[in-house]
Structure formats: structure tokens, C-alpha cells
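Some notes on the structure that comes next.
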Amino acid sequence: MTFPWRWSVPLTVLCIASRAIPAQAAQAAQAAQAGDDTLEEIVVTATLRSTSVAELPQSVTVLDAQTLAAAGVQHFEDVLGLVPDLNWAAGTSRPRFFQLRGIGEVEQYQGAPNPSVGFLIDDIDFSGVGMPATLFDTRQIEVLRGPQGTAYGANALAGLISVRTADPGTDFELNGELTGGNYDTRAAALSIGDGFADGAAGWRLAAQRFLSDGFRHNAYLDESATNGYDEGTLRGKLRWQLTDALRADLTLMHVNIDNGYDAWSIYDTDTTYSNQPGRDAQLSNGFALRLTDELAGFGELRSITSAANSSIIYSFDGDWGNDTLWGQYAPYDYFQSDNRNRRTLAEDLRLTGDPSRALFGRLRWLVGAYALRLTESDQLLYVYDDQYDGAGSSALDSRYAATNVALYGSLDADVGKRSGVTGALRVERRVADYSDSADVQTPFPSEVNDMVGGSVAWMTAAGDGGHVYATLARGYKGGGFNIGSGILSEQREFGPETLWSAESGFKYASAGEPLQLQADVFYMRRRNMQVYLSEQLQQNNPLDYVFYTQNASNGENTGLEAAGSYRLDERWDVSGSVSLLRTRYLDVTGLFTSLDIDGRAQPFAPGYKLSAALEYRDPAGWFARLDASGLGSYYYYTSDAQSSSAYHLENLRIGYRHGAWTSSLWVRNVFDARYAQQGFYFGLIPPNFPNQAFLQLGDPRQIGVTVSYHLGGGNPL
């Protein structure tokens, strides 16, 4: 693993200053300008108990509203570089498939959903389909690294991403925003809210529309919007304190992402030649109802009921070309379309004991029950016209359903005046069924998995504001099915995976102090690990692929993460992060022996990731932020040795705030770096169809202006 020389100076600073607690840094700077040295506590909500960052015995990154507005433009994708050990597999217009510490899904062609990284938006489960994570009116994004087996079970083997949007308040509030930029980028957004019922209730509505041409030019069609963005978000929230003890929070959301997909070129450039550009669309409707009841003298009863319905269309030109381009080898024309409909219904019922009535005077307890029903139907179609094989089409219809039921609990205890221990356990049963049109005569049997996860953690105070912790956790992930007529009978099913994780770290955050810091080291052992494979069955057919998952013995993921921020003075802040990661396949046997991957790194697991940010805020209203991020190389897939190249990106925002108005100029990818987000290695180009590498390029430099208006805003309920 080699670091680029230009990072040697920033790393000297960033080994003690990084971005894991960005909200605390921003609030500390604002407090200093106001003459107040009180540091507001940042609370992580995506855990069994809402806990401050400093007191949570595991690695977490929290991105607050100020950071999201300053470092992002439209989507969670814009701020992924700020989070240590978080990566994503492209091949889609927006991120759907995430990896934490090198573990996660890498593509969407297999059909049966089985995510390793949980993804929630306001308590609604979008694991594996996280495209609705637009940034407007988002209050906080929490990224918990490491297995979340107790809190979220089988869908969070590698960790959890939780997006929390702005909540209703008691007073009138109005926010408006307009954005314009090159590549025909324009957006408009509005949020409005108020209180009622004499301050006992509040509501909030948010709406946004974002458009852009998608940074590609289709030379065959002479169009610049075949890879474009068209993203709309509509969200409503209601919070009502029904009684002194009972509160209700209702969230309704409608996200319509209707993006083009024309990202690949046979020449690995921003110019495409597709005669049938694809589409990457996701229409999601969801709701969540959270009821919280304070049971006097006993504790808190909390119920979260959520549901979502996502209709997903993913299509692409399979040959990336046209008859004019292929010339004498035409007709050579392939097109694939995948239409999915996914529904989830979940209930999480949790009873938390009153801390003032701890068992035996020192044991704090929590028990809960969880159920999730997921169904997905899939219609896969590809159409071809080829001088080698003639014209025709092929279709596969499939259905998948899974029911997860779990019981979980935890006990916390103080050990002396400065230390505490926590033990947690989750027992889960998952029953999954799958069928498709290719296997009418030999249907898949039900997959039944009984899984156990949990954790033991110790934390102690180390001086004023410092905490040291150690955590041992066990995560798990259910087995599943491989789809399609090309799958051999012995490849149809794969079993569950388990993961043991040992982590130790240090956190520092103290009111009035300029330094905020957290650092950790971890070791994870994957047993019966699930590995994603692909194989091109027919060399002259770019769509004749088999994608499947198999269990490949063991794996090992080891790393170091550090993050924090430092307030230089009342105007300047520096922050950033660094993560080092080493992954390996271990004890590879059977089907995988011929791949020669024993000891090799796992896919989409970069050896290092870096970020740095420098912020300036002048009392007169001027502000600026410069972000830099770097990512080491990684393998794209298990089945071949193609790997990415390391790259770095810089983003800039400069603006002025006056009264209720804020205007800013932003530049993404300041130096117009050329970098790849995804790669494939296969035979595409006639007449000989040699295997060769193809790359999906990242976005070029983009420049834009955003003007926003803020009126009112009062105390949150």
C-alpha cells in the first residue's frame, strides 16, 4: 500500500484532526464566536439507546446539517468521502450498494436481496435500495461501522447508515433554495413548518426537484441528457405530544428518481455511442410511525412501524454501441431491462427500563421484538439482434419473500465511578422463499436460518473528556438464492455468513476545547463468507452473464480509523479523517481454488481513504470550505484481477450570508480529475471479442451557484 506524496503533509495534521464528530466542531466554533464555550452534545439515534458520540463504545461518523450543506449539493453520494472506510460500487446513477470496512454488496444483477449494510431513512428500511437519500432538509446522517447484530440483525453485518431529516418545531419556519450550474444543472426546494395545538404539536413539509444532464454526450444520438438526473423529493412530518407521556412521530415520503443511464463507452471516455440509452429509476413511497410512551416509574415503551414500496427500473444498452459504430459486424445490438418492485413492512417494539430504577441499583435493561416482511418481484428481459445468433429475446420472472423475526435485549452496568460495561444479545429466525420462471419444474426450497448476534463492550473515562473502549461483537447475515437458468443445481443456494469483530478505540470531546478526536483499531473474522462471482458464458454475447454468490471459507478484515477536528481560532477550523484497511480471503477451497484468490484482498476494499477540510467563517458573513479526499486502489470483482487506480478529489464552496439570505459558489472536482468508479473485464468488441477492461468514469468538474433563504425556526418539539 503506497500513499501519494502530496498527502504526506496533510496526513501529519490529520492523524490528530479528522471528521468523525463534525457537528461538534461546527457548534464549538459557533459558540466561540458568540462568546459561549458550551459544547452541544451530539446524539446518535441509530443505536439501542440514544447515546452521545463520546460515550458510544464503537466507531461512528455523524454528519450534521451544516456539514451536509457545506460539503454536499444534492445527494448522499456528495459526502461519502467524509466517512472513513465507506465505499460504494457504481454501475448505477446513484449509490445503492455500499461497503463498510470492505464488506457489502457490489452489484444488482442477482435479484434476491440480501444486504450487508443497513440503510434507514427516518426509520424506513431502504437497505440495498438507498437511492432516495437526497440531502435537502436533512438534519443528520449517522454511519455506524462494524456489525450491528443486536440493533438491526441480518441486514447490518457490516454496519448501518441512518439518515434523519429535519423534525417539526413549535414555531413557523420557511426555507427556500435555488441552484443552477453547468451541465444544465438546476434545482428548486422549499420546506415549511409550524406548530399548533398550543405548542403540543408541529408539522413540516419539504419538497425538492433536481435536474442535470449527467455529464455525458451521446455522439450517436447527439444528445447530452441520456445519462441525466431527474430527482424529486416530497416529505411530510407530524409530531404530536398527545399526552404528557405519549408522543407520536409520523413520516410520509415520496421520492421519484427518474435518471438516465448511459455511463459506459467502449473508449472509456465521457462520450457514449449507445443507440438505446438506459434508465435508472426508483419510485419510493414510505411511511413510519414512531410512538413513545413514558411509563411512570417503569421506563419507556417505543413502537416503530414502517413500510416502503419501491418500483425500480434499471436498463442499459448491452453493447454500448450502434450499427454505424460496428460497421461490417452489424447487426450487433443488445438491450437489457430489469423491473423490480420491493415492499417492506417492519415493526420494532422496544421497552427500556427507567435508569433511575436500575436492577440491583446498577443494571439498566432493555428488551425488544422485531419483525420484517420483505417481498420483491423481478422481471428481467433482454432483447438482441446479432448476425452471429440472430434476433430474439430472453425473459426471467422471479419472486422473493423473506420474513425476519427477532428478540433482543441488553444490560448496562456501571463498574466503579468511571467505567461501564454493556452486554447485548439478539436471536433471529429468517425464512426466505424464491421462485422464478426458469425453475418451474424444480422450485427452490425455503431457506430457514436461525442466527444469533450480540456484543460485549467496556468503556472508561480517561481524564476530562476522554473515553477508552473495547468491544467484541458478533454479526450475521442470512443465506439466499442464485437466480437464472444458467445457474447449476449445486450453485443455487448459499448459506449464512457470520462475523466476529474486535474493536478498541479512544474518543475525546470536551466543552470549550478546540480538539475533537476519535480513533480505533479493529479486527474482523468472516466465517463462511459470501463471495460474489460472475462468468461470461458466451464470449460474443455481452449479456450472457451468470452472477451468483457462494460461500468461500473465511475472510479477514483489519484496519485503523482516525477522525476529528481542530478549531484554530474563531474563524478557522480544520478537520479530516484517515482509514487504513487490509482485507484477505483465507482458507479458500472448492469452487474458488481455481481463482487463485487465497490471501488476496476482497473487492471494493481500498487500502486507504483520506479526507481533509478547511473552513473559514467571518463574522461579517463570508465563509468558505475546501474539501479534499483520496482513495486507494481496490479490486472490482472476485472473478478477475482488475483493480482501480488511486485518485483524489477536491471540492470548494465560497459564499456570503446576510440576514436570512445565503449565496454560495461551489465547485465539485476542482482540478477536473479523471477517475474510475467501476470496472468490468469481459469480451465485448467484435469480431474476436477479446477480454479487456472497461471503466465507468466519475463525474468531471462541475460549477454552480446556490441561493437560499431562511425565515423563522423555533424550538424543536
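Quick note: the coordinates plus some simple rules give every number you see, no bench work behind them. Note that the structure is a prediction, hence the values are computed from the model and not measured. Note that we place each Cβ from the backbone using ideal geometry, even for glycine, and neighbour counts take in every protein chain shown.
Structure above, values below:
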quantity: Selected residue [in a loop (DSSP other than H, G, I, E, B) and surrounded by fewer than 19 Cβ atoms within 10 Å (Cβ to Cβ)] from D450, D464; calculated: D464
quantity: Within segment 549-574, tally of residues that are assigned to a strand (DSSP E or B) and closer than 30 Å to S489 by Cβ; calculated: 5
quantity: Residue match in segment 384-395 (condition: of a type outside the set (G, A, S), out of contact with any helix residue (DSSP H, G or I) (no Cβ under 8 Å at 6 or more places or on another chain), exposed (fewer than 15 other Cβ atoms within 10 Å of the Cβ) and in a strand (DSSP E or B)); calculated: no
quantity: Qualifying residue in segment 152-171 (condition: hydrophobic (A, V, I, L, M, F, W, C), more than 30 Å from T272 (Cα to Cα) and surrounded by fewer than 19 Cβ atoms within 10 Å (Cβ to Cβ)); calculated: no
quantity: Which numbered condition N482 fails, given (1) of a type outside the set (S, T, Y); (2) closer than 30 Å to M459 by Cα; (3) touching a helix residue (DSSP H, G or I) at 6+ places or on another chain (Cβ under 8 Å); calculated: (2)
quantity: Residue in segment 249-299 that is nearest to A133 (Cα to Cα), counting only those that are more than 26 Å from the chain's Cα centre (by Cα), among the polar types (S, T, N, Q) and in a strand (DSSP E or B); calculated: T292
quantity: Contacts under 8 angstrom Cβ, first residue in segment 460-476 being in contact (Cβ under 8 Å) with a residue 40 or more places away in the chain, partner of a type in the set (D, E) and not in a strand (DSSP E or B), 6 or more apart; calculated: G465/E513; H467/E55
quantity: Qualifying residue in segment 520-540 (condition: crowded, with 20+ Cβ neighbours inside 10 Å and more than 23 Å from V106 (Cβ to Cβ)); calculated: yes
quantity: Residue in segment 155-180 that is farthest from V44 (Cα to Cα), counting only those that are touching an Asp or Glu at 6+ places or on another chain (Cβ under 6 Å) and not in a strand (DSSP E or B); calculated: F172
quantity: Any hit, segment 693-711, residues being touching a Ser or Thr at 6+ places or on another chain (Cβ under 7 Å), free of Cβ contacts under 8 Å to residues at least 60 places away in the same chain and surrounded by 15 or more Cβ atoms within 10 Å (Cβ to Cβ); calculated: no
quantity: Condition met for D640 (among the acidic types (D, E), without any contact (Cβ under 8 Å) to a residue 24 or more places away in the chain and either over 21 Å from G104 (Cα atoms) or surrounded by fewer than 22 Cβ atoms within 10 Å (Cβ to Cβ) (or both)); calculated: no
quantity: Those residues of segment 226-240 which are closer than 24 Å to A197 by Cα and either outside any strand (DSSP E or B) or in contact (Cβ under 8 Å) with a residue 40 or more places away in the chain (or both), in sequence order; calculated: R235, K237, L238, R239, W240
